[in-house]
Amino acid sequence: MKEDKTENISNASGATPFAQTFFHGTKADLKIGDIINVGFNSNFGKRKIANYIFLTSTLDAAIWGAELAFGEGRERIYLVEATGPIEDDPDLTDRKFPGNPTKSYRSQHPFKVVGEITVWQGHSAEKVKAMIDGLAKLKEQGIDSLNDR
């Protein structure tokens with residue numbers, strides 16, 4: 001009997017039933033199936049109408065997003081799927097972490113909420129305060145978000 005040595009090679013450009021899932025940290029109360037769009041006030045920077053929405057493939061970066069988000073709501077982390085192209089977030093990849101080790105991205109295309117992480121450990125109050133103080137210091141120095149431009 002002859003052995004079949006053919007390999008199963010996936011066609012990267014073809015359709016797949018699986019989409020890359022990312023995290024989105026916020027204080028917004030969303031439901032599975034909701035769509036997150038641009039056009040709302042940003043959680044960061046100058047709080048202008050956001051031209052981008054943000055996602056990450058690391059839970060830690062999503063936790064920071066939830067903890068630092070504007071508003072009084074409960075901190076939440078959603079699992080989201082991008083519906084269009086994404087790109088590196090220049091605030092993090094160009095300024096703080098070259099090479100994008102935080103796996104932080106932005107897009108002008110909607111995200112679809114596909115789940116919620118309900119059990120996660122936030123940063124200590126001291127770490128959150130240090131981050132908020134550091135962001136305030138940058139703002140005093142006139143260093144604002146590249147995403148506000």
Item to check | Test for residue 86: is it out of contact with any Ser or Thr (no Cβ under 6 Å at 6 or more places or on another chain), at pLDDT 80 or above and among the β-branched types (Val, Ile, Thr) | outcome: no
Next on the checklist: Suppose we filter segment 100-128 for residues that are part of a loop (DSSP other than H, G, I, E, B) and hydrophobic (A, V, I, L, M, F, W, C); how many remain?
Outcome noted: 2
Checklist outcome for this item: Scanning segment 29-58 residue by residue, the ones that are small (Gly, Ala, Ser), within 29 Å of residue 123 (Cβ to Cβ) and modelled with pLDDT of 90 or more total 1
Item to check | Selection count, segment 107-145, where residues are modelled with pLDDT under 90 and under 18 Å from residue 55 (Cβ atoms) | outcome: 1
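The values are calculated or read from the model by the stated rules, or taken from the named source; none is laboratory data. No experiment lies behind these values; they were computed from the predicted model shown. Note that we place each Cβ from the backbone using ideal geometry, even for glycine, and neighbour counts take in every protein chain shown.
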